[in-house]
Amino acid sequence: MKLFQHDHFPHVTGNRVSLRQILDTDLDDLMEISFYDAVQAQTVQQAAEMQAKINQDYLDGNSIHWGIVDHSTNTIVGTCGYYRGLDRGEGELGCVLLSKYYGQGYMTEGMSLAIEFGLNHMGLKRIWAATSQQNGPAIKLLERLNFVKIADTAEDEIEYELRPVINQYHSMK
Ligand SMILES: CC(C)(COP(=O)(O)OP(=O)(O)OC[C@H]1O[C@@H](n2cnc3c(N)ncnc32)[C@H](O)[C@@H]1OP(=O)(O)O)[C@@H](O)C(=O)NCCC(=O)NCCS
């Protein structure tokens, strides 16, 4: 499914943060959170190779991966995006913050922007997220965003699904 335009990566603007495409010049600062297929990059070169795959996945319509930019410093504090399910009109939402930015509300706003974009611009019919039973901060984040637990899956994984409150994400436009 081709959900995105090749020449226009979606930029989503909020009050305190925006979502934008990650550039090679960002990668040095993002080593701690540079992953592809759950493997962490060990060098900036590896991170660049992973970013090239991420860019191709976007062009193929298989995923979208944003950097979350803090407006006050113009730096990326973390990433979020949709990584699976787009071929079915659904989206698995994932996210990770650089640890020095934990506990400041950045991800709540970043994920809210991604949800609004997913529902209102990508037309996703369902948004879900998976984490582990032990991941308290992720569970708190998902519940704050109106996700509800729908399944205990393999190992200790749990799956959450968004239950959008009517108009909640329309008001963010
Ligand atoms: C999951 C993860 C993103 C959550 O990070 P987080 O810092 O708790 O989330 P937020 O950025 O939304 O910050 C929310 C916290 O900041 C607090 N906060 C402080 N200032 C705030 C402000 N100005 N606005 C909003 N919240 C603020 C909130 O009260 C909340 O704290 P609490 O959870 O103790 O109540 C982070 O732990 C992470 O990157 N983990 C590794 C990757 C991962 O597990 N991903 C999940 C996949 S589903």
Scan around SER34 for amide H atoms under 5 Å from its own, H built in the peptide plane at 1.01 Å from N, and keep only partners 5 or more places away or cross-chain. ALA41
Can you give the convex hull volume of the alpha carbon atoms of segment 1-84 per residue, in Å³? 93 Å³
I'd like the FRET efficiency for ARG144 and ARG84, computed as 1/(1 + (r/R0)^6) with the beta carbon distance as r and R0 of 25 Å, rounded to 0.05. 0.65
Paramagnetic label zone (point 7 Å from Cα along Cα-to-C-beta, TYR102; backbone N under 20 Å) in segment 121-149: 130-145
Nearest-0.05 FRET efficiency for THR13 and GLN168, computed from C-beta distance (R0 22 Å): 0.75
For segment 137-149, in residue order, the Karplus 3J(HN,Hα) values (coefficients 6.51, -1.76, 1.60; θ = phi - 60°; whole Hz; Gly and Pro = x) are x, 5, 4, 4, 4, 5, 5, 4, 8, 6, 8, 10, 5
The ³J(HN,Hα) series, computed from each phi in segment 66-81 with the Karplus coefficients 6.51, -1.76 and 1.60 at θ = phi - 60°, rounded to the nearest Hz and given as x for glycine or proline, is 10, x, 9, 9, 7, 4, 6, 10, 6, 10, 7, 9, x, 9, 7, x
How are the Cα pair distances of the chain distributed, in percent, across 5 Å bins from 0? 1, 8, 17, 21, 22, 18, 9, 2, 0
So for R0 = 22 Å, FRET eff. of ALA154-LYS125 from the Cβ-Cβ r, to 0.05, ends up at 0.35
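The numbers here are math on the coordinates, done by the rules we state, and not lab data. Predicted model only: the values in this text are computed from it and were never measured. Note that we place each Cβ from the backbone using ideal geometry, even for glycine, and neighbour counts take in every protein chain shown.
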